[in-house]
1. Looking at the range 271-310 only, could you name the residues that are of a type in the set (S, T, N, Q) and either open to solvent by less than 50 Å² (accessible area, probe 1.4 Å) or without any contact (Cβ under 8 Å) to a residue 40 or more places away in the chain (or both)?
2. Which of the residues that make up the range 63-94 are in contact (Cβ under 8 Å) with a residue 60 or more places away in the chain and in contact with a Phe, Trp or Tyr (Cβ under 8 Å, 6 or more places away or on another chain)?
3. Would you be able to say whether some residue in the range 149-172 is at pLDDT 85 or above and more than 27 Å from the chain's Cα centre (by Cα)?
4. Looking at Thr191, Thr117, Thr177, which one is surrounded by 13 or more Cβ atoms within 10 Å (Cβ to Cβ), modelled with pLDDT of 75 or more, of a type in the set (Ser, Thr, Tyr) and assigned to a helix (DSSP H, G or I)?
5. Could you tell me whether any residue of the range 284-298 is within 20 Å of the chain's Cα centre (by Cα), at pLDDT below 85 and polar (S, T, N, Q)?
6. Give the range 95-114 a look and list any residue that's open to solvent by 20 Å² or more (accessible area, probe 1.4 Å) and farther than 22 Å from Ala160 by Cβ, or say none.
7. With respect to Ser303, determine if the residue is over 25 Å from Glu161 (Cα atoms) and modelled with pLDDT under 85.
8. Being modelled with pLDDT of 80 or more, assigned to a loop (DSSP other than H, G, I, E, B) and under 18 Å from Leu304 (Cα atoms) is the filter here, so list the residues in the range 350-367 that pass it.
Amino acid sequence: MKPKFDFATLAGLLTWLLVYGVSYYLLQKIAPGQRQAPVHALFIAYGGLFWLLTRQQGHFALRGRYGAVFLLLQLVVAFSLLWVLPGRYFEFLSILTIIWAAMLPFVMRTSLAMLLTITVVSAWYSVVAWQSGGSVWISALLYGSFHLFAVLVQSASRDAENAKEELEQKHQQLLATQQLLQGASRQSERTRIARNLHDVIGHHLTALTIQLQVASHITEGEARIQVDKCHQLAKLLLSDVREAVSTMRQYTDVTLRDAITPLLALLPEPLEIKLQIPPDIMLHDLHQAQHLLCIVQEAISNSLKHSGASQFHLTASVEQQQLQLVIYDNGSWASHWQPGNGIKGMHERLAECGGSLQLAKLQHAMQLTITLPYRESDNA
């Protein structure tokens, strides 16, 4: 799996540390004897919340189960610092809300993020104006423009990240489809060779065996002994040809595990994949296999984007000529969730293959149960 290091998160943490350090230095100059424990606690809480929110996976990440709650709590901590520190010495505290606003595009639309940012900036500088008793509209305009700039830059970063993820998904699908096509090509070539061996060489060996058996009845002495030996060799050769044909026809399909493996090659490291797929489950139908790979890819993408999961489970089994896949993770299922294009696409693909999809709730996560017709290989 591919590890991922976010330099934007590192920049945010360094900026927070800088604001914390400068604030601590000014507090030592302005009020060296005052109790400063609440200020330190608030700064540490802000940094801890930022670190949790910017993790790639987990319940506390931006897209995790408690992401929205922690994002709101981080904003409350920033306003609390504004409340306890004298505004005329700590105008730069607004940098904390810039860091906060930069995370909004990853959880909401850009237009909504900008509207919310304008609201927060207005509330922030209303408090500053009340504390100072003067006009702060110039600072509000300057810092407000920085807030909007951060939102727009992170929106562009989000779009680029989404485009990169989509490209990686297409690449994974291409690798998996390529393997299926190679398997189908091998299957077609082996079937052709096996058919020729059976129909041509097998037919001629059968005719040769019959002729040698006839010759054995019309010859005597040493000649008959040699004919009988040739007859036995021909029968043995015919048996070997039939065994070779059966072997070639038996191992021509692609296993389900081998087909899914390329989809997992470029996943981020925090998502742990746990597969329970018996090695004898084969994909005999190329059309069905392509749809199945697209469905698994969509399920993985949903876990990465929406559930905040750290583990992804896929279990496969065959019962009563039915292939069943059970897919679930340890993420969260939002209470307001509605089926999107991804789930609708799964239903459409399965309908083309004569399969079905069932959705259920497993603890706090979504469980997908996929059922498809399964036939044994008809090559044997």
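1. Listed by number, the residues that qualify are Gln288, Gln297, Ser301, Asn302, Ser303, Ser307, Ser310.
2. Listed by number, the residues that qualify are Arg63, Gly67.
3. Checking the range 149-172: at least one residue is at pLDDT 85 or above and more than 27 Å from the chain's Cα centre (by Cα).
4. Exactly one of Thr191, Thr117, Thr177 is surrounded by 13 or more Cβ atoms within 10 Å (Cβ to Cβ), modelled with pLDDT of 75 or more, of a type in the set (Ser, Thr, Tyr) and assigned to a helix (DSSP H, G or I), namely Thr117.
5. Taking every residue of the range 284-298 in turn, at least one turns out to be within 20 Å of the chain's Cα centre (by Cα), at pLDDT below 85 and polar (S, T, N, Q).
6. Ile95
7. Taking the combined requirement at face value, the residue does not satisfy it.
8. none
The values are calculated or read from the model by the stated rules, or taken from the named source; none is laboratory data. Remember, predicted model here, so these are calculated numbers, not experimental data. Backbone-built Cβ (ideal geometry, glycine too); neighbour counts: all protein chains shown. The accessibility values were calculated without ligands, DNA or RNA, using every heavy atom of the protein model including side chains. Shrake-Rupley method; radii C 1.70, N 1.55, O 1.52, S 1.80 Å.
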